[in-house]
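Below you'll find the structure, written out as structure tokens, and then a few comments.
Read-outs: derived from the displayed coordinates by stated rules, not from any lab. The structure displayed is predicted, hence computed values, not measured ones. Cβ placement follows ideal geometry from the backbone for every residue including glycine, while neighbour counts extend to all protein chains displayed.
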Amino acid sequence: MNNGHLIDTMIQQYILDRSSLDVVSTAHIASCAHCRQKAASYKLLFSEIENIAPPAFDFDLAKMVMAQIPKQRKRNLWSVVLISIVAAILIGVPIYFFQEYFQDMIAGISVIVLSLIGIIILMILVFQILDEYRKYDKQISSLDF
């Protein structure tokens with residue numbers, strides 16, 4: 001109670017479900033003109049809220065949302081295959097024709113240098129994979145709603 005009158009939540013509870021309110025509060029509303037007037041106001045308000053028609057859009061909301069979603073591009077499989085074949089030819093042909101020279105060149109390099117080159121290549125691959133994973137994770141997290 002507030003200044004001898006029920007608080008608004010108790011009056012609202014009385015309007016919505018009288019059985020959940022205690023007997024003293026129900027008796028107070030029955031005897032107090034101020035609280036009865038508030039209860040009548042809330043009853044009118046609640047009935048008007050129930051009579052309000054649900055909002056209706058005069059446009060197709062689903063169509064508008066779908067228009068804003070970017071369309072997925074179809075990947076052209078032939079371009080990937082063509083680029084792979086060209087790369088294999090550009091790398092494979094010189095290796096085939098100059099394989100004697102490559103064997104002599106690799107044989108002349110010490111094991112330590114070859115190990116360092118291998119470690120560097122491996123580290124570059126690891127960093128590139130991590131970078132791609134971070135990009136992927138960022139894109140996925142931006143999709144979370």
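Descriptive notes on the structure:
- Labels on offer are (i) -0.70, -0.79, -0.88, -1.37; (ii) -0.62, -0.72, -0.83, -1.54; (iii) -1.00, -1.04, -1.09, -1.31, and the one holding log10 I(q)/I(0) by the Debye sum over Cα atoms at q = 0.15, 0.16, 0.17, 0.22 Å⁻¹ computed from this structure is (iii).
- Centre separation in Å (Cα based) which lies between region 54-76 and region 18-35: 52
- Derived scalar couplings ³J(HN,Hα) [region 80-95; Karplus, 6.51 cos²θ - 1.76 cosθ + 1.60; whole Hz; x for Gly, Pro]: 5, 5, 4, 5, 5, 5, 4, 5, 5, 5, 5, 8, x, 4, x, 5
- Note on the chain: helix-only mean residue ellipticity at 222 nm, from DSSP H runs of 4+ residues weighted -39500 (n - 2.57) and normalised by residue number, equals -25000 deg cm²/dmol.
- Sorted peptide list for 15-25, 36-46, criterion being average Cβ within 10 angstrom, highest first: 36-46, 15-25
- Shown in residue order for region 62-73 are the 3J(HN,Hα) couplings computed by the Karplus curve 6.51 cos²θ - 1.76 cosθ + 1.60 at θ = phi - 60°: 4, 5, 5, 5, 5, 5, 8, 7, x, 6, 6, 7 Hz (x for Gly and Pro).
- Degrees separating the helix 111-143 axis from the principal Cα axis of the chain, which is the longest one: 20
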